[in-house]
Amino acid sequence: MKTDFRWTLAIPPEVFCEKAGTSVYDYYHVPDVRLETHRRARDYFLKRFDHDIGAHVGNGLTSYWNATLFGAEIEYDDQNSQGAVHKRVLSAVEAVRSLVPPQPNDIPNLPRYRFLLEQHERMTRLVEGTAFTASFGAFPFQGPFTTATILRGTDIMMDVAMQPGLVKDLLQKIVDAQENVMTFSEKEFGITRCSCGMGDDYAGLISPDMYGEFCYPYMKQLYDAYGVEGRSLHCETLKRGHHKYLNMLKIDSYDPGNNYDVTIEDILEECPDIFFTYNLFTVRDMVNKAPSAIRELCADYIRRGAPGIMTEITVNTPEENIQAFLDIMRAHESGPDNDRPDHVLPRD
């Protein structure tokens, strides 16, 4: 048995809602529904799989927060939408010149912060006297290039060639905004950020050389400032050639997500000292394969040297596939810390 083997079963809010019979819209907007959703979902996973999703109820902070700092809006199209950023902030790259990062004292006046704080205050009252806990939580990081892409749209792929100076100005303003948020949160909540995890799914859409110019320096600023004790990265688009920057950034945990372009062997060769989780794909594997194929795939990943395995399930994932994943993971785990709900990486 591998003594250092770790695994993660990631369960997003839409699956909590599926099992609880509640809507995703209400989950994000009505604290009472959020708490009841966690209660029902926790009961379901304990009874059906002996898997505890935990008793902590968060407040809906996601990596999208970073784009809302510049005016992006998170909208919910229907009762089962998990939310997405719909408002494009930068219709022209020249608008970067007038973009102003919010200062620490500006954070309390941002609409998204006020919404989240009101949700948290309500949730804090609701969990009193229950087995559940609530905290505002640490503001999430997002890779600066991914936030830039959300703000500008895919036109940024042309901007890096045609207007590289303005793109770099935008990236620096995004980093400044995240640092200002950390300054605010350390004062507001009395916390000191010692670890830094990023979701950065758009970053690998540019070449390794461009990554070194438009991603690495700005990520390094944030990792060096807040990743003293831990540095993790989730990116579903990196390819061979990008991974050298993970070594330079001193990443200690990497998740490539559902990435067809990266093999276990690629990561072992290019990042031999970095822990990583190799993924069973959410739909291709966990929804569409048979339980026997789930077990065979996991065994193959372990045999090929993956130090960790992760999967994120979605709605309508067959129960027998979830059970198959848990069975083989538990057979190979190295300790009780594996079967815990906090082994998650930031979502975009």
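The values are calculated or read from the model by the stated rules, or taken from the named source; none is laboratory data. Bear in mind the structure is a predicted one, so any value in this text is a computation, not a measurement. Neighbour counts are summed over all protein chains in view; Cβ atoms, including those assigned to glycine, are modelled from backbone coordinates with ideal geometry. For accessibility, only protein heavy atoms count, side chains too; no ligands or nucleic acids. Shrake-Rupley method; radii C 1.70, N 1.55, O 1.52, S 1.80 Å.
Pairs under 7 Å by beta carbon, first residue aromatic (Phe, Trp, Tyr) in segment 94-116, partner surrounded by 12 or more Cβ atoms within 10 Å (Cβ to Cβ), six or more apart or different chains?
TYR113/ILE107
Select from segment 112-143 the residues that are farther than 24 Å from TYR76 by Cα and basic (Lys, Arg) and list them in ascending order.
ARG125
Only one of these is of a type outside the set (Ser, Thr, Tyr), touching a strand residue (DSSP E or B) at 6+ places or on another chain (Cβ under 9 Å) and either open to solvent by 20 Å² or more (accessible area, probe 1.4 Å) or touching a residue at least 40 places away in the same chain (Cβ under 8 Å) (or both): PHE281, PHE275. Name it.
The match here is PHE275.
When the residues of segment 150-200 are filtered to those that are under 18 Å from the mean Cα position of the chain (by Cα) and either free of Cβ contacts under 8 Å to residues at least 12 places away in the same chain or open to solvent by 20 Å² or more (accessible area, probe 1.4 Å) (or both), which remaining residue is nearest to SER232 (Cα to Cα)?
Among those residues, the one meeting the criterion is SER195.
Please enumerate the residues belonging to segment 91-102 that are open to solvent by 90 Å² or more (accessible area, probe 1.4 Å) and in a loop (DSSP other than H, G, I, E, B).
The answer is SER91, VAL100.
Restricting to segment 1-18, what's the tally of residues that are assigned to a helix (DSSP H, G or I) and surrounded by fewer than 19 Cβ atoms within 10 Å (Cβ to Cβ)? It would help to see each step written out before you state the result.
Within segment 1-18, the first condition is being assigned to a helix (DSSP H, G or I), and the residues that meet it are 13-18.
Checking which are surrounded by fewer than 19 Cβ atoms within 10 Å (Cβ to Cβ) leaves us with 14.
Total satisfying the criteria: 1.
Mind counting the residues in segment 306-332 that are of a type outside the set (Ser, Thr, Tyr), open to solvent by less than 10 Å² (accessible area, probe 1.4 Å) and either more than 14 Å from LYS19 (Cβ to Cβ) or over 20 Å from the mean Cα position of the chain (by Cα) (or both)?
9
Just to be sure I understand, how many residues within segment 9-28 are out of contact with any helix residue (DSSP H, G or I) (no Cβ under 9 Å at 6 or more places or on another chain) and either within 14 Å of ARG40 (Cα to Cα) or hydrophobic (A, V, I, L, M, F, W, C) (or both)?
1
Check ASN105 against each of (1) among the polar types (S, T, N, Q); (2) part of a helix (DSSP H, G or I); (3) out of contact with any Phe, Trp or Tyr (no Cβ under 8 Å at 6 or more places or on another chain) and name the one condition it does not meet.
Unmet for ASN105, out of (1) among the polar types (S, T, N, Q); (2) part of a helix (DSSP H, G or I); (3) out of contact with any Phe, Trp or Tyr (no Cβ under 8 Å at 6 or more places or on another chain): (3).
Just to be sure before I move on: is THR124 exposed (fewer than 15 other Cβ atoms within 10 Å of the Cβ), out of contact with any Leu (no Cβ under 7 Å at 6 or more places or on another chain), β-branched (Val, Ile, Thr) and without any contact (Cβ under 8 Å) to a residue 24 or more places away in the chain in the structure I sent?
Criteria not met by THR124.
What are the residues in segment 32-67 that are part of a helix (DSSP H, G or I), at pLDDT 95 or above and closer than 23 Å to GLY83 by Cα, if any? Steps first, answer last, please.
Of segment 32-67, the ones part of a helix (DSSP H, G or I) are 32-49, 65-67.
Filter once more, keeping what is at pLDDT 95 or above: 32-49.
Once the filter is applied, which keeps residues that are part of a helix (DSSP H, G or I), at pLDDT 95 or above and closer than 23 Å to GLY83 by Cα, segment 32-67 yields ASP32, VAL33, ARG34, LEU35, GLU36, THR37, HIS38, ARG39, ARG40, ALA41, ARG42.
In segment 30-74, which residue that is free of Cβ contacts under 8 Å to residues at least 40 places away in the same chain and under 22 Å from the mean Cα position of the chain (by Cα) is farthest from LEU9 (Cα to Cα)?
Selected residue: GLY71.
In this structure, is TYR211 touching a His at 6+ places or on another chain (Cβ under 6 Å) and either at pLDDT below 95 or of a type in the set (Phe, Trp, Tyr) (or both)?
In short, yes.
Can you tell me how many residues within segment 179-205 are in contact with a Ser or Thr (Cβ under 8 Å, 6 or more places away or on another chain), assigned to a loop (DSSP other than H, G, I, E, B) and either polar (S, T, N, Q) or farther than 16 Å from PRO104 by Cα (or both)?
3
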